[in-house]
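A.B. asks: Here it is, the structure, as structure tokens.
The values are calculated or read from the model by the stated rules, or taken from the named source; none is laboratory data. Everything numeric here is computed off the predicted structure, so don't read it as measured data. As a convention, Cβ positions derive from the backbone with ideal geometry for all residues, glycine included, and neighbour counts pool all protein chains shown.
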Amino acid sequence: MTQNSLQFLNPSHWKKPSGYSNGVAATGRLVVTGGIIGWNTQYEFETDDFAGQVDQALRSIVEVLAEAGARPEHIVRMTWYVTDKHDYLASLKDIGAAYKAHIGRHYPAMALVQVVALVEDRAKVEIEVTAVIPETR
């Protein structure tokens, strides 16, 4: 499947992934975020709820991408770091709603890693994003 300058890499003889792609090929301007956590623009946590922090992190990612002229559909890779995979799994419905609200139905290559802790003690999730803005012709 191709969208803009993206080619989603899901071999036809593999089971279709749900909520992500196995790989993405892209051409254009590269945009990379740092690890974005679930605090607001003043670096304050408004919630300790896992899905609430995901919602805020995704909102912040969209704002950072916009600074480069990128949109959610330009995302080619996301890496999620979570402090508790069980908290993540228990929150999937609300995470999905937040994801669709901010990213839409765009599913780039993704990885999720459980870590012992994040630098900010209250942080439950940190997300890194790579996006590619299509070349204009």
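A.B. asks: Specify which of the listed residues (133, 127) is within 15 Å of residue 52 (Cβ to Cβ) and in contact (Cβ under 8 Å) with a residue 60 or more places away in the chain.
C.D. replies: 127 is the lone residue from the list that is within 15 Å of residue 52 (Cβ to Cβ) and in contact (Cβ under 8 Å) with a residue 60 or more places away in the chain.
A.B. asks: I would also like to ask the following. Looking only at region 15-30, decide whether some residue is over 18 Å from residue 103 (Cβ atoms), without any contact (Cβ under 8 Å) to a residue 40 or more places away in the chain, part of a loop (DSSP other than H, G, I, E, B) and not hydroxyl-bearing (Ser, Thr, Tyr).
C.D. replies: Yes, that holds for at least one residue.
A.B. asks: Next question. Only one of (1) over 15 Å from residue 132 (Cα atoms); (2) free of Cβ contacts under 8 Å to residues at least 60 places away in the same chain; (3) surrounded by 12 or more Cβ atoms within 10 Å (Cβ to Cβ); (4) not β-branched (Val, Ile, Thr) is not met by residue 77, so which one is it?
C.D. replies: The single condition residue 77 does not satisfy is (1).
A.B. asks: State the number of residues belonging to region 11-35 that are modelled with pLDDT of 90 or more and either in contact with a helix residue (DSSP H, G or I) (Cβ under 6 Å, 6 or more places away or on another chain) or among the aliphatic types (A, V, I, L, M) (or both).
C.D. replies: Matching residues across region 11-35 total 4.
A.B. asks: Of all residues in region 64-96, which are hydrophobic (A, V, I, L, M, F, W, C) and over 16 Å from residue 28 (Cα atoms)?
C.D. replies: Of everything in region 64-96, those that are hydrophobic (A, V, I, L, M, F, W, C) and over 16 Å from residue 28 (Cα atoms) turn out to be 64, 78, 80, 82, 89, 90, 92, 95.
A.B. asks: Hey, can you tell me all the residues within region 36-50 that are surrounded by fewer than 17 Cβ atoms within 10 Å (Cβ to Cβ) and under 30 Å from residue 134 (Cα atoms)?
C.D. replies: Passing the criteria: 40, 41.
A.B. asks: What residue, among those in region 106-137 that are modelled with pLDDT under 95 and out of contact with any strand residue (DSSP E or B) (no Cβ under 9 Å at 6 or more places or on another chain), is surrounded by the most Cβ atoms within 10 Å (Cβ to Cβ)?
C.D. replies: 136
A.B. asks: Could you run through region 78-133 and say how many residues are of a type in the set (S, T, N, Q), closer than 18 Å to residue 34 by Cα and touching a helix residue (DSSP H, G or I) at 6+ places or on another chain (Cβ under 8 Å)? Talk me through it step by step, then tell me what you get.
C.D. replies: Keep residues of region 78-133 that are of a type in the set (S, T, N, Q), which gives 79, 83, 91, 114, 130.
Now narrow it down to the ones that are closer than 18 Å to residue 34 by Cα: 79, 83, 114, 130.
From what is left, the residues that are touching a helix residue (DSSP H, G or I) at 6+ places or on another chain (Cβ under 8 Å) are 114.
Summing the residues that are of a type in the set (S, T, N, Q), closer than 18 Å to residue 34 by Cα and touching a helix residue (DSSP H, G or I) at 6+ places or on another chain (Cβ under 8 Å) in region 78-133 gives 1.
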